[in-house]
1. In segment 61-100, what count of residues is obtained for those that are open to solvent by less than 10 Å² (accessible area, probe 1.4 Å) and either on the phi > 0 side of the Ramachandran plot or more than 26 Å from the chain's Cα centre (by Cα) (or both)?
2. Select from segment 176-210 the residues that are touching a residue at least 60 places away in the same chain (Cβ under 8 Å) and over 20 Å from Val328 (Cβ atoms) and list them in ascending order.
3. Looking at segment 359-371 only, could you name the residues that are touching a residue at least 40 places away in the same chain (Cβ under 8 Å) and either among the aliphatic types (A, V, I, L, M) or surrounded by fewer than 17 Cβ atoms within 10 Å (Cβ to Cβ) (or both)?
4. Quick check, is Glu336 outside any helix (DSSP H, G or I) and at positive phi?
5. Given the criterion over 24 Å from the mean Cα position of the chain (by Cα), in a helix (DSSP H, G or I) and surrounded by fewer than 16 Cβ atoms within 10 Å (Cβ to Cβ), identify the matching residue among Glu351, Glu342.
6. Based on what the data block shows, is Lys161 charged (D, E, K, R), at pLDDT below 95 and touching a Lys or Arg at 6+ places or on another chain (Cβ under 9 Å)?
7. Being touching a helix residue (DSSP H, G or I) at 6+ places or on another chain (Cβ under 6 Å), surrounded by fewer than 19 Cβ atoms within 10 Å (Cβ to Cβ) and aliphatic (A, V, I, L, M) is the filter here; which residues of segment 114-139 pass it?
8. Just give me the residues in segment 140-161 being of a type outside the set (D, E, K, R) and open to solvent by 10 Å² or more (accessible area, probe 1.4 Å), in sequence order.
Amino acid sequence: MVNYEVFRTPQVIVYARDAFERVGVETALRGKKALIVSDGIMQSLGNIDKCIEILSQEKVQSEVYAGVASEPTDQYVAAALALFKEKNCDVIISLGGGSCIDTAKAVAVLASNGGYIGEYMGAKKVAAAPPVPHIAIPTTAGTGSEVTDVTIIINVADDVKMMIKQPAFMPAVAIVDPMLSMSSPKKVTAATGVDALSHAIEAYLSKKAHPMTDVLALAAIRLIVPNLRKAYSHPDDVEAREAMSTGSMYAGMAFSNASVCLVHGMSRPIGALFHVPHGVSNAMLLPAVLEFSQEACKERLADIGRLFAENGRSLADEAASEYAVEQVKKLCLDLEIPNLKEWGIDQGEFENMLTKMASDALISGSPANNPRIPDQQEIEELYRVCYDYQFTADELPGKVS
């Protein structure tokens, strides 16, 4: 009988203000020519040029793939991999949000192991060779992808968001610099911030949670709860941005080792089929899923509720678990999170996709980690609840039973 836990992180984590300056040193230790995987926003902000300059100071050459333009797809992976091989690169740097980091993770594994990225889903193909060294530099505070061994890649042909988890996808180095997140627009700050909160909450509620992940999940919530609204309302608040970056990193390490649950299982099909950014779709689902799960995880949800309450230590489990759900709803309302209808998804089209979405969610495996494990019909009903869900308590639909 297995009675031990495994905890994985990058080999090196460099974090706090101005950590970006370390990219040259860390890259030079691992290669001579880097492929920088990024996007047009980082190019326009000058962050790619700054990265190239820092690398050159350490005599590291570089090439740039800035073609990541949305949620990560197998097409971006193929294009970046082709450039990596063509230019004879030997190390990868991802600079951007989770889409850039996830794309680079896939390239790092395929460059040394070959095949199509979809073959690695469900461990049908296991990466036996070490991946190309990957240095991940997030520019948003939310996905936590820089410290996880998970990549999410959309199979464009099948409209499936593939969740792939293997140790080989873990970056060698994570560089977490809150100053890079200062330029994040309000909507991105909100979406990625609730994404980080979702990671922490699901890691703590997961059936696979263990003591080390519990410590990190709760630490993440303690940082995110008082600072997300500050970062959203006052984008130049460096202390809030720093707290969010650290909280996102803690949440990433927690969920990478404890797994996510129903929110993420249901979120991926929405992203694949309706092109809703991952953080937004998580936020759209989180309150309703917590209501669905509440009776099966009352004590743990109560722990989270007490972190929201100034005098929360005195709350009994029933009240504290209710408070957690109410505060998550209020947070989504304050951050102007839309529901699926408000996002612009046609209801008829949404109904037509319910069976596929629920099936894809179950196939991902994440719902099986949830405190209350749903079946196909329950997931379909949850999607319906979330379609026009109102985050205000007065207008809140009844709990899903």
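1. 1
2. Scanning segment 176-210 gives Val176, Asp177, Pro178, Met179, Leu180, Ser181, Ser183, Lys207, Lys208, His210.
3. Of everything in segment 359-371, those that are touching a residue at least 40 places away in the same chain (Cβ under 8 Å) and either among the aliphatic types (A, V, I, L, M) or surrounded by fewer than 17 Cβ atoms within 10 Å (Cβ to Cβ) (or both) turn out to be Ala361, Leu362, Gly365, Ala368.
4. yes
5. Glu351
6. For Lys161, the condition - charged (D, E, K, R), at pLDDT below 95 and touching a Lys or Arg at 6+ places or on another chain (Cβ under 9 Å) - is met.
7. Passing the criteria: only Ala129.
8. Once the filter is applied, which keeps residues that are of a type outside the set (D, E, K, R) and open to solvent by 10 Å² or more (accessible area, probe 1.4 Å), segment 140-161 yields Thr140, Ala141, Thr143, Val150, Ile152, Ile154, Asn155, Val156, Ala157, Val160.
The values are calculated or read from the model by the stated rules, or taken from the named source; none is laboratory data. Small disclaimer: the values here were computed from a predicted structure and weren't measured. Because the Cβ atoms are built from the backbone with ideal geometry, glycine has one as well, and the counts that use them run over all protein chains shown. For the accessible areas, the whole protein counts, side chains as well, though only heavy atoms, and no ligand, DNA or RNA atoms are used. Shrake-Rupley method; radii C 1.70, N 1.55, O 1.52, S 1.80 Å.
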